[in-house]
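For reference, the structure is listed below as structure tokens.
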2 protein chains.
Amino acid sequence: MGPRAFSTDQSGGSVRVFAPASVSNLGPGFDIFGLALERPGDEVVVRAVAGTGIVSLSVTGDGGRVPTDPLRNAAALAVQGVLDRLGSDAGVAIEVRKGIPLASGLGGSAASAVAGAVAADALLGGGLDRIALLECALIGESKGSGADHADNAAPSLAGGFVLVLPGQPTRMVKLPTPPEMVVAVAHPALEVETLGARVILGETIPLAAGIRQWGNAAGLVAAFFEGDWELIARCVRDAVAEPARAGLVPGFRRVKASALAAGAVAAGLSGSGPSVFALCRGSLAAETAAAAMAEAFQLEAGVESDIVISGANAAGARILETE
Amino acid sequence: MGPRAFSTDQSGGSVRVFAPASVSNLGPGFDIFGLALERPGDEVVVRAVAGTGIVSLSVTGDGGRVPTDPLRNAAALAVQGVLDRLGSDAGVAIEVRKGIPLASGLGGSAASAVAGAVAADALLGGGLDRIALLECALIGESKGSGADHADNAAPSLAGGFVLVLPGQPTRMVKLPTPPEMVVAVAHPALEVETLGARVILGETIPLAAGIRQWGNAAGLVAAFFEGDWELIARCVRDAVAEPARAGLVPGFRRVKASALAAGAVAAGLSGSGPSVFALCRGSLAAETAAAAMAEAFQLEAGVESDIVISGANAAGARILETE
């Protein structure tokens, strides 16, 4: 099958897409589990314009810190991935509106890349399936953040709680979560650089830690299928990444302990941090846990926190506007 | 609570218990997954006799190779664990009837220990719960085989497909399996010594292998909940133990490949081998896969194989006779 002709008959059209933040790892699921939040999220607007490829790129909401070089920008790289996949020579102008704080551990690069891929595909009428969109988003995220795993991009795209299978071909499995589950996130005014947080893990782990990790990862899937909160509490434990990364986030251990003391069922680092998530039964419990986490970050690290209270975002990325 | 008095009013009574063989690991579940088979199994008969503690111990069906020293015999150690737990000074005579081949990778030590624990508890009217029985069985298995994990004992006790959570307190989670699943096992006339098969793994693993393992372990749980055979095929992969142990079982790679070529959905080493299991859709497929595995063991290693075709044993250990 040769390249299809996607060209300028959409000229002047535009698509605006929202892709949500996500909590990855969720305890034992390093590189494999992610959970989409209702908010915050990034928006990407793509417009068909004269020219070929990515004609312009602007970024707002980032304090001037996200790269605007299309070869280093997650959304632009994902758009380019879609253009390449569709064999399109269309010209595209991209506007990225960052809603997810940078280096927060909430999957901001992934969300930008997902929004870019979904928007470009919609603009060009490409009809790419979810796996193709995910692969295009991963091109964007991997060059943007060094990630080669889809534990943020997959939930941001598909919504809900997602298991990303290791290896090829790309496969994600959407899993149930208990309907009463509400996630509390405290995002402190601290930054953790993703690549550094990865390097600190080293290249080997103790076999005993590995056994704990796959036992708890398997247990968490069972717990979510069965809505078993006692099992969720038992299994949201990270034997691999969190112990190594905890020291990168001032106050983390006290913040986590305060969430649990305030009634959260489980808590841990969101991705590589510094955000801390807590899984709670109901909104009231989540609000209590979030307040406790923010207070602990203030006491322990002297920093303010942004708070997110959110159910699992069932929809994932969505087109907000098409013109 | 002081020790209860379990003594000689059951004198002369006896209990006979069957505990089934099991396939542990099942691909990605090293030390955490086990699946009970309908057969083979071990039987243990316990009798109340004059005296205190384990008064006599006999073993049949083992070719004289299972230790008959109560301090080294899995069933006797488990019986003693029950006596200790109940604070009983009863006298017990034990007869172990081995049905599971030694060093086969089918959980023979675990089954003997489970049968011993269940039989002793029934004889003494102890009413121990499943976790207590499992802990007593583990005392027997750990001194008998060096295992400190319940991935054989838990399914042998509880039946079905079981996840054993790492850490304390002891917790097992019984998980669903697709109703049409049939397990084929080829047990070649080879022996692999469990402790040696463990040492070969070393104490660390690559992080990348760990990620594959917990991704596939989580995926297999999801696949069993959803009855998704494509996902079962994808996730029954062992990134940690099987690659290291494959060389201990002559012909293993060809045997596994022959099972898959004959229509098995997935295959791998049962525990530390040398038995090879294959997961199949229906009995006919399992028989075909079993024959292919036996033929491959003959061709590649020049050995005969015993074949087991079995559904998941839903019942686990059971009392066959009480007098």
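At a probe radius of 1.4 Å, what is the per-residue accessible area of A:Lys98, in Å² to the nearest 10?
Ignoring ligands and nucleic acids, A:Lys98 comes out at about 30 Å².
Roughly how big is the B-A contact, given as buried accessible area in Å² (both sides, 1.4 Å probe, nearest 100)?
Answer for the B-A pair: about 3200 Å² buried.
Taking beta carbons within 10 Å but only from partner chains, what does the mean come to for residues B:200-211?
Mean inter-chain Cβ contacts per residue within 10 Å come to 6.
Helix B:74-86 versus the longest principal axis of chain B: what angle, 0 to 90°, nearest 10, using Cα atoms?
The answer is roughly 50 degrees.
Mind pulling the per residue volume of the convex hull built on the Cα atoms of the stretch B:110-235? Å³ is fine.
Considering the Cα atoms of the stretch B:110-235, their hull volume per residue is 153 Å³.
Please determine, in degrees from 0 to 90 and to the nearest 10, the orientation of helix B:207-226 with respect to the longest principal axis defined by the Cα atoms of chain B, where the helix direction is its Cα long axis.
Taking the Cα atoms of chain B, the angle to B:207-226 is about 80 degrees.
What does the convex hull of the alpha-carbon atoms of the stretch A:181-311 project to on average, in nm²?
7.5
Could you give me the radius of gyration and the Dmax of the stretch A:167-241, taking only the C-alpha atoms into account and expressing both in angstrom?
My reading of the Cα-based Rg and Dmax gives 15.4, 38 Å.
For the stretch B:2-108, place one equal point scatterer on every Cα, skip the solvent, and apply the Debye formula. What is log10 of I(q)/I(0) at q = 0.13, 0.24 Å⁻¹?
-0.55, -1.24
Give me a single rounded figure for A:249-256: the average over its residues of other chain Cβ atoms within 10 Å of their Cβ.
0
Accessible area per residue of the stretch B:181-311 at 1.4 Å probe, in Å²?
36
Contact order normalised by length for chain A, with contacts defined as Cα pairs under 8 Å and 6 or more residues apart; what percent is it?
24
Per the Kirkwood formula on distinct C-alpha pairs, the Rh of the stretch B:50-155 is how many angstrom?
Computed over the stretch B:50-155, the radius equals 13.3 Å.
Given a 1.4 Å probe and the protein chains all in place, what does the accessible area of B:Thr52 round to, in Å² to the nearest 10?
Near enough 100 Å² of accessible area.
Give me log10 I(q)/I(0) at q = 0.05, 0.09 Å⁻¹ for the protein assembly as shown, Debye formula, one equal scatterer per alpha-carbon, no solvent.
Each listed q maps to, in turn, -0.27, -0.78.
Just tell me how shielded A:168-175 is by partners: mean number of partner chain Cβ atoms within 10 Å of each residue's Cβ, no decimals.
Counting other chains' Cβ atoms within 10 Å and averaging over A:168-175 gives 3.
Tell me, what is the 1.4 Å probe accessible area of B:Asp89, in Å² to the nearest 10?
My reading of the accessible area for B:Asp89 is about 90 Å².
With axes computed from alpha carbons, what is the tilt in degrees of helix A:252-261 against the longest principal axis of chain A, rounded to the nearest 10 within 0 to 90?
The answer is roughly 70 degrees.
How do the peptides B:313-323, A:202-212 rank, highest first, by the average count of neighbouring beta carbon atoms within 10 Å per residue?
A:202-212, B:313-323
Given a 1.4 angstrom probe, I'd like the percentage of the accessible area of the protein assembly as shown that is carbon and sulfur, rounded to a whole number.
The value for the protein assembly as shown is 52 percent carbon and sulfur by accessible area.
Counting only protein chains, not ligands or nucleic acids, how are B:Arg254, B:Arg234, A:Arg130 ordered by accessible area (probe 1.4 Å), most first?
Sorted by accessible area, descending: B:Arg254, A:Arg130, B:Arg234.
Run the Debye formula on the Cα coordinates of the stretch B:253-323, all scatterers equal and no solvent, and tell me log10 I(q)/I(0) at q = 0.12, 0.24 1/Å.
With one equal scatterer per Cα and no solvent, log10 I(q)/I(0) is -0.36, -1.03.
How would you order B:236-243, B:72-79, A:42-49 from highest to lowest mean count of nearby Cβ atoms within 10 Å?
Output ranking for B:236-243, B:72-79, A:42-49: B:72-79, A:42-49, B:236-243.
How many percent of all Cα-Cα pairs in the stretch A:127-173 sit more than 13 Å apart?
Cα-Cα pairs of the stretch A:127-173 separated by over 13 Å account for 50 percent.
Evaluated at 25 °C with a viscosity of 0.890 mPa s, what Stokes-Einstein diffusion coefficient in µm²/s does chain A have when Rh comes from the Kirkwood expression over alpha-carbon pairs?
Approximately 125 µm²/s, per Stokes-Einstein.
The values are calculated or read from the model by the stated rules, or taken from the named source; none is laboratory data. Quick caveat: nothing in here was measured; it's all calculated off a predicted structure. Please note: Cβ atoms are built from the backbone with ideal geometry, for glycine as well, and neighbour counts cover all protein chains shown. These area figures cover heavy atoms from the full protein model, side chains too; ligands, DNA and RNA do not enter into them. Shrake-Rupley method; radii C 1.70, N 1.55, O 1.52, S 1.80 Å.
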